[in-house]
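Working notes, structure below.
The values are calculated or read from the model by the stated rules, or taken from the named source; none is laboratory data. This structure is a prediction, so every number in the text was calculated from the model and none was measured. Quick reminder, even Gly has a Cβ in these numbers, built from the backbone with ideal geometry, and neighbours come from all protein chains shown.
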Amino acid sequence: MAMPNLTGRCAVVTGAGKGLGAAYAKNLAAAGAAVVVNDIDLASAAAVVETIGREGGSAVIDGNSVTTWESSGAIVQTALDAFGRLDGLVNNAGVFYLADPSEEDPAWIEDMVHVNLLGTMYCGQHAIRHMTAHGGGSIVNDTSGAQSGMRHRGTYGATKGATASLTYSWAMDLAGSGIRVNAISPIARTAMVDYGKARGESGTDIPPEHVAPLVTFLLSDDAAGVTGQVIRLEGPQLSLLSRPGARRTTEENPTWDQDSLRAALPRLLELHQRG
């Protein structure tokens, strides 16, 4: 199986101690990249680094949290100190829970926003500052189908929807800079999926390794023309998610009032549901 050649490049993968992040780090290393394996679970990160080294790759541990500006900057600095450069960032770190809106704990909400959204922003902004000054790079953010709405995932979906919006905006802002920004919406069996299964939800048995080549591709020169995309990989199906926006189906009225809205919205809903 042909792989991109990332020899001489360095990538940071956040939340890389287990699951998808570990699979991403190992696949990137197999393609020749030097990898910063970031995770606050140092034992898990060490196991990934050991595996990479045993297979002939190069990797170092970073135990900083993504949740503050300073610690996110330290993650990028680990790459610069260890390998002298940063070419790729995979914003994979995330937390997850299921809850009815009436039962959400404010502490859970804050934790999820800090890790899933602010962590992506902070790490990305530090990486962008370095990449802008050193000729470019590639950023891959993690999002989810929950951005379109799923039961008991209001806060989680909100962080992932915001991450998709961030991806679109950064890609536009950085056009012509040599920095590409994309997001992936992966389906694989992880601790998150097992958490849902334990609560009666259906899940998947697709291994994280199935998704990893997509990340390696996006960090490689093979994806030179790909930016500003949210890419979903679900088993054998690879697809691009559409950006949010107004549907072409419209109703027009010079002045909208209660009567005209009452008449128009049912028609729009019917046309929208027809697709």
Kindly list, by first and then second residue, each pair from a residue in the stretch 207-233 that is assigned by TED's automatic domain parsing to the domain that holds Met131 and within 10 Å of Ala23 (Cα to Cα) to a residue that is among the polar types (S, T, N, Q) and not in a helix (DSSP H, G or I), limited to pairs with Cβ atoms under 7 Å and residues at least 6 apart or on different chains.
Pro208/Thr190
Is there a residue in the stretch 5-26 that is touching a Lys or Arg at 6+ places or on another chain (Cβ under 6 Å) and buried (at least 19 other Cβ atoms within 10 Å of the Cβ)?
yes
Please count how many residues of the stretch 17-60 are within 17 Å of Asp87 (Cα to Cα) and not in a helix (DSSP H, G or I).
12
Positions within the stretch 46-70 being farther than 12 Å from Thr14 by Cα and touching a residue at least 40 places away in the same chain (Cβ under 8 Å), in sequence order
Thr68, Trp69
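Can you tell me which residue is surrounded by the most Cβ atoms within 10 Å (Cβ to Cβ) among those in the stretch 70-96 that are farther than 24 Å from Gly178 by Cβ and among the hydrophobic types (A, V, I, L, M, F, W, C)? Talk me through it step by step, then tell me what you get.
Pass one, the stretch 70-96, residues farther than 24 Å from Gly178 by Cβ: 70-71, 74, 93-96.
Now restrict to residues that are among the hydrophobic types (A, V, I, L, M, F, W, C): 74, 93, 95-96.
Numbers: Ala74: 17, Ala93: 25, Val95: 17, Phe96: 19.
Filtering first and then ranking leaves Ala93.
Counting just the residues of the stretch 134-159 that are of a type outside the set (S, T, N, Q) and part of a loop (DSSP other than H, G, I, E, B), which one comes out modelled with the highest pLDDT?
Filtering the stretch 134-159 down to residues of a type outside the set (S, T, N, Q) leaves 134-137, 139-140, 142, 145-146, 149-154, 156-158.
Imposing the further condition that a residue be part of a loop (DSSP other than H, G, I, E, B) reduces the set to 134-136, 149-153.
Working: His134: 94, Gly135: 92, Gly136: 97, Gly149: 57, Met150: 63, Arg151: 69, His152: 69, Arg153: 72.
It comes out as Gly136.
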Restricting the first residue to the stretch 92-109 and requiring it to be part of a loop (DSSP other than H, G, I, E, B), which pairs with a second residue that is crowded, with 17+ Cβ neighbours inside 10 Å and acidic (Asp, Glu) meet a Cβ separation below 9 Å and a spacing of at least six or different chains?
Asn92/Asp142; Ala93/Asp39; Ala93/Asp142; Gly94/Asp142
Of the residues in the stretch 1-16, those that are hydroxyl-bearing (Ser, Thr, Tyr) and closer than 13 Å to Arg85 by Cβ come to Thr7
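Mind checking which residues of the stretch 61-85 are assigned to a helix (DSSP H, G or I), in contact with a strand residue (DSSP E or B) (Cβ under 8 Å, 6 or more places away or on another chain) and either modelled with pLDDT under 95 or farther than 22 Å from Leu218 by Cβ (or both)? Can you show your working first?
Our first condition is that a residue be assigned to a helix (DSSP H, G or I); within the stretch 61-85, this holds for 69-83.
Restricting the remaining residues to those that are in contact with a strand residue (DSSP E or B) (Cβ under 8 Å, 6 or more places away or on another chain) gives 74-76, 78-79, 82-83.
Matches in the stretch 61-85: Ala74, Ala82.
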Would you point out which residue out of Met112, Met131 is touching a Gly at 6+ places or on another chain (Cβ under 6 Å) and either in the same structural domain as Asp39 (by TED's automatic domain parsing) or part of a loop (DSSP other than H, G, I, E, B) (or both)?
Met131
Just the residues that are surrounded by 15 or more Cβ atoms within 10 Å (Cβ to Cβ) and aliphatic (A, V, I, L, M), please, taken from the stretch 98-127.
Leu98, Ala99, Ile109, Met112, Val113, Val115, Leu117, Leu118, Met121, Ala127
